[in-house]
Structures are given as C-alpha cells and as structure tokens.
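The structure under discussion appears below in the form of structure tokens.
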Amino acid sequence: MVAVYSIVVLAVASTVYAGWAPPVPGLPNTFPNIAACVDQPLEYSCENTTTLKNTCCSPTPGGLVLQTQFWDTYTGFEKKGQLLPKDSWTIHGLWPDNCDGSFEQYCDLSRQYDPAPDDKTVPAYHGPGVDTFIKKFGRKDLLDFMNKYWVSQGSPSASFWAHEFSKHATCTSTFDVACYGPGYKKHQDVVDFYDAVVRAFHMFPTWTMLAASGITPSNKTTYSLSQFQTALKAQSGAIPYLGCGHNGTVLQEVWYFNHVSGTEQFGRFKPVDSTTKSSCNATGIHYYERSPKSVREVRDEL
C-alpha cells in the first residue's frame with residue numbers, strides 16, 4: 001500500500017484506522033446505536049464463557065472474523081477503467097465464520113443486493129447498485145477508496161461489493177438493522193459495513209509486510225509457503241490462510257483470522273492462526289507480477 005506503515009505487531013491495532021478523519025459536517029452518520037454495550041463485559045468473540053445478552057455488542061455466532069484479500073494480476077475490465085492498485089493487495093471481504101470454522105451465508109434476504117448470488121436458492125437482485133447507496137450518504141471518500149482498493153476480477157466492482165455485504169454482513173450480528181435503533185436510515189448498515197471492511201483492511205497491509213521481508217512479486221523467483229507464513233506472522237501475530245491456484249503453485253489469496261473484542265465495526269482485533277489448511281504447495285509458489293496495463297498508481301486518502 002502506498003501509505004507508510006510502521007511494521008509492528010498488529011494484534012494491538014487501534015480502534016480507528018490509519019488516516020481516519022471525523023465525519024464531514026452535514027453528512028448523515030452510519031454507525032449503530034450501541035450505547036448499551038458500555039455495560040457489557042469485555043470478552044473476545046469465540047472466547048466468551050457466557051451467552052451474549054446483546055448481540056449488537058459482539059459478532060455472533062460468527063465470532064471468527066476473517067479479513068480476506070486477493071492478489072490478482074488483471075481485472076478483465078481494464079477498458080472500463082477498473083484497474084488494480086500499485087503496491088497493494090486488494091480487498092476480498094470481512095467474513096463472520098463460526099467459532100468452529102463453519103459459516104452461514106445470505107442470512108437476511110430482505111437485505112439481498114447481490115445481482116449474481118453463488119447460492120442458487122437466493123433470488124438475484126435487480127435494483128440500484130450499492131454504489132448508489134454510498135453516494136446517497138455523501139460518502140465520496142469511501143467510494144473513492146473502494147474503487148481503488150476493492151477491485152473485482154471478472155465483474156464490475158460494485159456487484160462484488162454487493163455480493164460481500166449480502167453474503168457475509170447479513171450474517172454478522174453487529175450489522176443487524178435492530179442495532180441501529182429507531183432512527184435507522186435505509187442502507188445505513190450497508191455503508192457501515194463497507195467502512196468496517198476498509199478499517200480491517202488497513203490492519204493487514206499484506207504487500208508491505210511481505211516486501212519488508214524481501215518478498216515481492218516476480219515472474220522469475222518462486223517462494224516457499226513457510227517464507228510467506230513466517231513473514232506475515234512476524235507482523236500480524238498469527239499465521240493466516242494462504243490460497244493458491246494452478247495446483248497450489250500460484251499465490252492468489254490471504255485470509256487473516258481474528259477474534260474481536262467489541263463490535264466488528266470498532267472493536268479490537270486479535271489475530272489467531274488460520275483454522276483452514278493452506279491450498280499452496282510447500283515450495284515453488286509463484287507470486288506473479290501484475291500486467292502493467294492492469295495497474296494504476298494510487299494514494300491512500302482514508
């Protein structure tokens with residue numbers, strides 16, 4: 001990522017993301033009404049010993065929170081200006097896995113905005129794109145960041161953002177509409193989720209963490225799985241999942257597993273080791289350079 005990051009153990013990440021600025025005066029807020037949470041015990045998700053009394057205060061049952069990222073080398077939509085950020089991985093999403101590693105999906109069909117659900121029992125959405133929801137809240141800053149760093153391969157980015165909200169955020173209790181109180185504004189939860197994804201993405205600057213250990217994209221050099229795992233654990237505090245395609249030889253994904261104290265939006269993330277075995281080979285892993293025509297220089301403004 002272009003912004004300069006201190007290479008520190010990110011388990012103690014701040015509850016605000018790097019570069020955060022207060023809301024612009026006059027813009028409606030998108031955060032939930034969680035004042036009641038101040039009286040709740042502070043426990044990490046998946047580590048609580050009693051049943052949560054207020055599910056708006058901690059993600060449940062999906063308390064194993066995954067911040068997931070892609071390493072793509074092209075988008076397929078270059079002619080439409082959909083390009084990848086230079087020196088940065090891109091956002092995949094923020095997933096609420098259950099504490100045993102299982103997961104739910106598309107938990108609230110009244111908030112289904114995915115035009116192409118991967119669950120064929122879920123009806124496709126045909127209304128305005130989620131980018132229009134963000135615009136209605138005046139969040140040009142958020143939309144600009146998402147266009148730079150949350151870039152889809154093989155589909156318009158806004159469709160991918162809708163997929164991630166509908167499949168995952170609707171299964172995260174801290175984004176339930178009830179958590180926003182009687183003053184809830186339609187799609188407030190959607191914008192709030194995207195803010196939370198961006199905040200979590202800032203906690204795990206994969207490109208920078210790997211580059212600091214001498215691991216950079218190359219069309220000639222290959223790496224071992226242990227090289228990636230060691231470099232990322234040294235900076236994040238835990239071993240993430242690394243996903244590879246082409247029979248385990250091409251690095252494509254990373255998933256950072258976390259327990260969370262507080263809400264998924266604002267809480268403290270505690271990295272834990274992946275519960276999913278890597279799909280990468282032990283050696284001979286390619287971390288390919290991107291196509292020059294698929295990349296643009298970006299500046300981190302959030």
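Every number here is computed from the coordinates shown, using simple stated rules; none is lab data. Predicted model only: the values in this text are computed from it and were never measured. Backbone-built Cβ (ideal geometry, glycine too); neighbour counts: all protein chains shown.
Axis of helix 188-203 versus longest Cα principal axis of the chain: the two differ by about 40°, to the nearest ten degrees.
Distance from the C-alpha centroid of segment 55-129 to that of segment 232-302: 15 Å, rounded to the whole angstrom. Dipole magnitude for segment 10-296: computed about the Cα centre from +1 point charges on Lys and Arg Cβ and -1 point charges on Asp and Glu Cβ, it is near 860 debye. What are the chymotrypsin sites (Phe, Trp or Tyr not before Pro) within segment 207-255 that DSSP puts in a loop, where the Cβ has at most 12 other Cβ atoms within 10 Å? Qualifying residues, ordered by number: none.
Shown here for segment 237-302: trypsin sites (Lys or Arg not before Pro) in loop regions (DSSP other than H, G, I, E, B) with at most 16 other Cβ atoms within 10 Å, namely LYS277, ARG299. The dipole here belongs to segment 253-302: it is taken about the Cα centre, uses +1 on the Cβ of Lys and Arg and -1 on the Cβ of Asp and Glu, and is about 60 debye. If you take the Cα centroid of segment 192-211 and the Cα centroid of segment 152-170, the two points sit 17 Å apart.
In the chain, the calculated helix contribution to ellipticity at 222 nm averages -6000 deg cm²/dmol per residue, counting -39,500 (n - 2.57) for every DSSP H run with n ≥ 4. The 3J(HN,Hα) values that the Karplus relation (6.51, -1.76, 1.60; θ = phi - 60°) gives for segment 31-37 are, in residue order, 7, x, 9, 10, 4, 5, 6 Hz. Gly and Pro appear as x.
Of the cross-linked pairs LYS148/LYS220; LYS140/LYS270; LYS136/LYS186; LYS120/LYS167; LYS233/LYS277; LYS80/LYS220, those separated by over 19 Å at the C-alpha level are LYS148/LYS220; LYS140/LYS270; LYS80/LYS220. Across segment 10-296, counting alpha-carbon atoms alone, Rg and Dmax equal 18.7, 58 Å.
A DSSP coil position with no more than 16 other Cβ atoms inside 10 Å describes the following trypsin sites (Lys or Arg not before Pro) in segment 171-212: LYS185, LYS186.
Both radii were evaluated on the Cα set of segment 152-272; the Rg over Rh quotient, with Rh as the Kirkwood radius, amounts to 1.03. When the charge dipole of segment 10-296 is built from unit charges on Cβ atoms (+1 for Lys and Arg, -1 for Asp and Glu) and taken about the Cα centre, the candidate among SER152, PRO240, GLY76 whose Cα reaches farthest toward its positive end is GLY76.
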